[in-house]
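So the structure is just underneath, and the comments pick up after that.
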Amino acid sequence: MRDTYIADGLVRSIYFHFPILSQESALAAEYSDCVGEQGSEQFWSFIDGIYEHQEEVGLPLLARLADDMGLDRVALNECLLSGRHNATWQIDRARGEALGVQSTPTIFLAYLDKNGEEVRLQFRGARDFDNMSQILDAILREIEQ
């Protein structure tokens, strides 16, 4: 999605944390924000790694992902110890609860239709590229008309 729709400016992506599993998922949210301090690509690679290994979420997985990515561990550890991103996931979670999020991932799409009316869609669960591509292409066609 990032390479096809987002990089081309067709779609804007906003990511919010919604840790629901346990303290480990809250740690993963905070960890990923600290990883994000080292770059956007690192953040997304880290998030992808977490989703690929959801059943293993915990400190050992998070540390392994960071090591595999070759991140600056001193900067990462300083960030984690500072707690500066702790409020971020808490705010994101509260925002998600207010929007009715019950699972991750949850995808929201909002756009203005051809009449200028706002349309909001919510998709629960992971979607593969082909499925989301069909949805986005249909929306983009509708907007262009």
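Quickly run through region 112-121 and pick out the residues that are charged (D, E, K, R) and loosely packed, with under 10 Cβ neighbours inside 10 Å. Selection gives K114, E117, E118, R120.
Within region 101-111, the presence of at least one residue that is surrounded by 10 or more Cβ atoms within 10 Å (Cβ to Cβ), more than 27 Å from I20 (Cα to Cα), hydroxyl-bearing (S, T, Y) and at pLDDT below 85 is confirmed.
In region 88-107, the residues that are assigned by TED's automatic domain parsing to the domain that holds S32 and more than 13 Å from Y15 (Cα to Cα) never reach a residue that is in a helix (DSSP H, G or I) and at pLDDT 90 or above with C-beta atoms less than 7 angstrom apart, at least six apart or across chains. Within the set L80, L112, the sole residue that is touching a helix residue (DSSP H, G or I) at 6+ places or on another chain (Cβ under 9 Å), farther than 26 Å from Q38 by Cβ and either among the hydroxyl-bearing types (S, T, Y) or in contact (Cβ under 8 Å) with a residue 24 or more places away in the chain (or both) turns out to be L112.
For region 76-87, the count of residues that are in the same structural domain as C34 (by TED's automatic domain parsing), surrounded by 11 or more Cβ atoms within 10 Å (Cβ to Cβ) and either at positive phi or among the aliphatic types (A, V, I, L, M) (or both) is nonzero.
The values are calculated or read from the model by the stated rules, or taken from the named source; none is laboratory data. Computed from a prediction, not measured in an experiment: that's the story for all the values here. Please note: Cβ atoms are built from the backbone with ideal geometry, for glycine as well, and neighbour counts cover all protein chains shown.
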